[in-house]
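Novice: One structure, pasted below without further comment.
The values are calculated or read from the model by the stated rules, or taken from the named source; none is laboratory data. What you are looking at is a predicted structure, and each value in this text was computed from that prediction instead of being measured. Positions of Cβ are backbone-derived with ideal geometry, glycine not excepted, and every protein chain shown enters the neighbour counts.
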């Protein structure tokens with residue numbers, strides 16, 4: 001029924017698909033299948049040829065000529081005269097139709113792991129469970145499969161939330177750190193996008209919000225608090241997951257997730273699965289024991305010539321690099337740097353200056369900026385190199401056997417790699433190549 005309602009919104013309309021990445025292609029597939037007399041045109045910054053459809057560069061688009069503009073996440077609208085009344089997106093329409101079945105999860109860090117873990121636990125214990133959103137599966141891809149009792153875990157990015165007017169039934173805000181300032185201009189605008197995960201909730205909905213965020217975001221009407229430091233309603237105390245309704249002890253030797261921040265993520269998953277979906281403790285423990293760590297998130301590559309190499313390419317901010325080093329305990333070498341987005345690196349500098357990490361290797365633009373500040377403030381040697389390949393070569397020579405070499409860049413990969421996944425893949429290849 002909801003799919004039919006969604007189809008009717010596009011019926012006899014002129015629709016622009018703006019951005020032809022994963023979501024854009026997914027929207028086209030949906031409209032080809034379910035659009036009734038829908039006129040479809042496609043715009044992108046890259047030159048396109050899509051058989052059977054008119055395509056054009058964004059610079060040539062007259063947005064006022066369309067009934068619906070389906071914008072892809074990440075596209076920045078700077079023109080104040082833009083026809084915002086025509087603007088729409090997959091996430092907006094998906095939330096409108098399926099919000100009561102959705103657990104929406106956002107945050108600067110940890111949302112992919114938390115979403116994937118929740119999906120895994122629910123899938124092991126419930127029928128008809130889906131994982132969509134920023135994780136790489138566009139919402140519209142699953143519409144034909146959704147049933148009345150389906151449970152949908154939706155990893156939502158700030159870009160997907162930016163223009164949202166609907167919030168999910170269960171909303172999670174894991175944390176907030178300075179990020180995407182190049183897109184939003186200010187931290188306040190970034191926060192404003194993130195807080196939409198819960199600001200449009202209804203009576204009976206649930207929001208789980210990190211206490212760290214309470215001074216920055218509006219409080220939800222029905223809120224549970226969480227934190228990384230044993231405060232609020234939900235937290236992890238060592239390997240104990242605690243909430244107002246129950247607690248559980250996790251055997252650290254039976255889970256692949258490392259570090260306190262991941263036990264915090266686990267605590268969020270536990271309350272949702274156990275309290276809101278009735279997953280028994282025993283079943284929860286069995287499920288998390290079979291969960292496999294996502295690639296490039298504290299991923300153990302292996303021990304080569306006595307050194308353990310760990311890929312944490314997902315790290316794009318100071319706090320995630322700090323968490324990674326604290327989680328592993330035996331880091332002797334860390335590789336830091338990437339795209340310079342102008343974020344404040346003082347917290348990372350202060351942490352590394354007093355840490356037990358012996359070898360700090362800075363690389364790329366942000367690494368060079370950090371190194372310049374490091375030399376002014378810190379009486380501790382460090383390396384600065386041009387690229388990842390040079391960093392891995394130095395790491396091989398300086399890392400103490402029996403300890404860990406960690407890639408945790410605290411910076412975005414763009415400009416040097418297609419994405420953090422490619423950066424992690426290259427790191428793994430270089431490590432293995434240098435082992436020969």
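Novice: Given the condition part of a helix (DSSP H, G or I) and either closer than 19 Å to residue 370 by Cβ or at pLDDT 95 or above (or both), answer yes or no: does some residue in region 408-420 qualify? Show your work before the answer.
Specialist: To start, the set of residues in region 408-420 that are part of a helix (DSSP H, G or I) comprises 420.
Right, trim to either closer than 19 Å to residue 370 by Cβ or at pLDDT 95 or above (or both) and you get 420.
Among the residues of region 408-420, at least one is part of a helix (DSSP H, G or I) and either closer than 19 Å to residue 370 by Cβ or at pLDDT 95 or above (or both), which makes the answer yes.
Novice: Here is a further query. Which residues, counting only those in region 353-363, are touching a helix residue (DSSP H, G or I) at 6+ places or on another chain (Cβ under 8 Å) and either free of Cβ contacts under 8 Å to residues at least 24 places away in the same chain or part of a helix (DSSP H, G or I) (or both)? Give the steps one after another, and end with the answer.
Specialist: Of all residues in region 353-363, those touching a helix residue (DSSP H, G or I) at 6+ places or on another chain (Cβ under 8 Å) come to 353, 355, 357-363.
353, the sole residue that qualifies.
Novice: Another question about this same structure. Do we find that residue 114 is in the same structural domain as residue 193 (by TED's automatic domain parsing) and at pLDDT below 95 in this structure?
Specialist: Numbers: in the same structural domain as residue 193 (by TED's automatic domain parsing): yes; at pLDDT below 95: no.
In short, no.
Novice: Which residues, taken from region 21-53, are in contact with a helix residue (DSSP H, G or I) (Cβ under 8 Å, 6 or more places away or on another chain), buried (at least 17 other Cβ atoms within 10 Å of the Cβ) and outside any helix (DSSP H, G or I)?
Specialist: Those that are in contact with a helix residue (DSSP H, G or I) (Cβ under 8 Å, 6 or more places away or on another chain), buried (at least 17 other Cβ atoms within 10 Å of the Cβ) and outside any helix (DSSP H, G or I): 35, 38, 40, 42, 43, 44.
Novice: Mind checking which helices (runs of 4 or more DSSP H) fall wholly inside region 151-262 and carry at least 2 residues that are at pLDDT 95 or above, in the same structural domain as residue 129 (by TED's automatic domain parsing) and in contact with a strand residue (DSSP E or B) (Cβ under 8 Å, 6 or more places away or on another chain)?
Specialist: Values: elements: 158-161, 181-184, 187-194.
Per the criteria, 158-161.
Novice: Same structure, new question: Would it be correct to say that residue 322 is closer than 30 Å to residue 186 by Cα, in contact with a helix residue (DSSP H, G or I) (Cβ under 6 Å, 6 or more places away or on another chain) and part of a helix (DSSP H, G or I)? Spell out the reasoning first.
Specialist: Working: closer than 30 Å to residue 186 by Cα: yes; in contact with a helix residue (DSSP H, G or I) (Cβ under 6 Å, 6 or more places away or on another chain): yes; part of a helix (DSSP H, G or I): yes.
Yes, satisfied.
Novice: Being farther than 18 Å from residue 335 by Cβ and under 19 Å from the mean Cα position of the chain (by Cα) is the filter; apply it to region 273-310 and report the residue that is surrounded by the most Cβ atoms within 10 Å (Cβ to Cβ).
Specialist: 291
Condition check ((1) free of Cβ contacts under 8 Å to residues at least 12 places away in the same chain; (2) in a helix (DSSP H, G or I); (3) not assigned by TED's automatic domain parsing to the domain that holds residue 335) across all residues:
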| site | (1), (2), (3) |
| --- | --- |
| 367 | no, yes, no |
| 370 | no, yes, no |
| 375 | yes, yes, no |
| 394 | no, yes, no |
| 402 | no, no, no |
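Novice: Hey, could you check region 294-319 for residues that are in contact with a helix residue (DSSP H, G or I) (Cβ under 9 Å, 6 or more places away or on another chain) and free of Cβ contacts under 8 Å to residues at least 60 places away in the same chain and say which is farthest from residue 119 (Cα to Cα)?
Specialist: Filtering region 294-319 for residues that are in contact with a helix residue (DSSP H, G or I) (Cβ under 9 Å, 6 or more places away or on another chain) and free of Cβ contacts under 8 Å to residues at least 60 places away in the same chain, the one farthest from residue 119 (Cα to Cα) comes out as 302.
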